[in-house]
1. Among (1) closer than 22 Å to Ile226 by Cα; (2) touching a residue at least 40 places away in the same chain (Cβ under 8 Å), there is one condition Ser113 misses while meeting the rest; what is its number?
2. Considering only residues that are more than 16 Å from Tyr58 (Cα to Cα) and crowded, with 22+ Cβ neighbours inside 10 Å, which ones fall in the range 97-118?
3. For the structure I just gave you, tell me whether Asp224 is surrounded by fewer than 19 Cβ atoms within 10 Å (Cβ to Cβ) and either touching a Phe, Trp or Tyr at 6+ places or on another chain (Cβ under 9 Å) or on the phi > 0 side of the Ramachandran plot (or both).
4. How many of the residues in the range 127-164 are of a type in the set (S, T, N, Q) and over 24 Å from Gly187 (Cβ atoms)?
5. Of the numbered conditions (1) in contact with a strand residue (DSSP E or B) (Cβ under 6 Å, 6 or more places away or on another chain); (2) at pLDDT below 95, Arg176 satisfies every one except a single condition; which is it?
6. Can you name every residue in the range 150-175 that is surrounded by fewer than 19 Cβ atoms within 10 Å (Cβ to Cβ) and of a type outside the set (Ser, Thr, Tyr)?
7. Anything in the range 1-52 that is in a helix (DSSP H, G or I), over 18 Å from Ala72 (Cβ atoms) and in contact with a strand residue (DSSP E or B) (Cβ under 9 Å, 6 or more places away or on another chain)? List them, or say none.
8. So which of Ala135, Ala114, Ala93, Ala87 is over 25 Å from Asp223 (Cα atoms) and either of a type in the set (Asp, Glu) or touching a strand residue (DSSP E or B) at 6+ places or on another chain (Cβ under 8 Å) (or both)?
Amino acid sequence: MARLAKGAAVIYNCVNPAYHRWPADWPPIAASLLGAAERSGAVLVTLSNLYGYGPGRYDETHPMTEATPLAATGRKGRVRARMWQDALDAHQAGRVRVAEVRASDFVGPGAQSALGERVVRRVRQGKSVSVLGRADRPHTWTFTDDVARMLVVAGTDPRAWGRAWHVPSNEPRSQREALGDLARAAGVGQVRVGEIPPVVLHGMGLVWPLMRELRETEYQFRDDFIMDSSAAETTFGLKPTPWEKIIAVTASRRDR
């Protein structure tokens, strides 16, 4: 990585190891990229998520902000928090310049998330959808194009360095509301939205590593999960893409 990064202005860490291998794979990857940034003098910008905060009360009165303590109790959240602390320690020691960009669950064409392509494809076909947690809890969604814009800013604007930033995101929508928006945009009316019972999720986890790992973050869909992105919006003059546009471009993509 040090050889590849020679002469680079910014290193963007957008790696995504296999979900069930985060505790094993993330530490060496993060250490390699941090070391490459130190040697090359490049800014290191890491794309992250909200796992590091861990379970908590994240409703409209107490949304997640960049100042929310990194108090994750699960192993995936702890490894994310450790990655950032290691990078921040190096930054504060003057060895490197770093920033972290934190997004909520992705939405957008081709996104891989709870509101990703697997679910959207069913909505376009007018088929029923089953979701994790509770379908009617407010949840923040982040548009993939807005993530890209925030990454560019974090790598090129010195005001971004030395701290984490939340990607500008729209007002929260529950899974049922978001899926209803997509169905209307796709011209299929309404689709039935069901909830996967916890006992079923547990049973699936016995034979499917991905589902087993999702139990750690089930709280994100069981409870209110709202993120505040006003810091980035105020500092850099960024605004989230209007929700109607996000829904339109996501619903219009056709299977190939």
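The values are calculated or read from the model by the stated rules, or taken from the named source; none is laboratory data. Note that the structure is predicted; figures quoted are calculated from it, not measured. We place every Cβ from the backbone using ideal geometry, glycine too, and count neighbours over all the protein chains shown.
1. If we test Ser113 against (1) closer than 22 Å to Ile226 by Cα; (2) touching a residue at least 40 places away in the same chain (Cβ under 8 Å), just (2) comes out false.
2. Val98, Ala99, Glu100, Val101, Val107, Gly108, Leu115
3. No, not satisfied.
4. 3
5. (2)
6. Residues satisfying the conditions are Val152, Asp157, Pro158, Arg159, Trp161, Gly162, Arg163, Glu171.
7. Selection gives Ile29, Leu33, Leu34, Ala36, Ala37, Glu38, Ser40.
8. Matching residue, one of Ala135, Ala114, Ala93, Ala87: Ala87.
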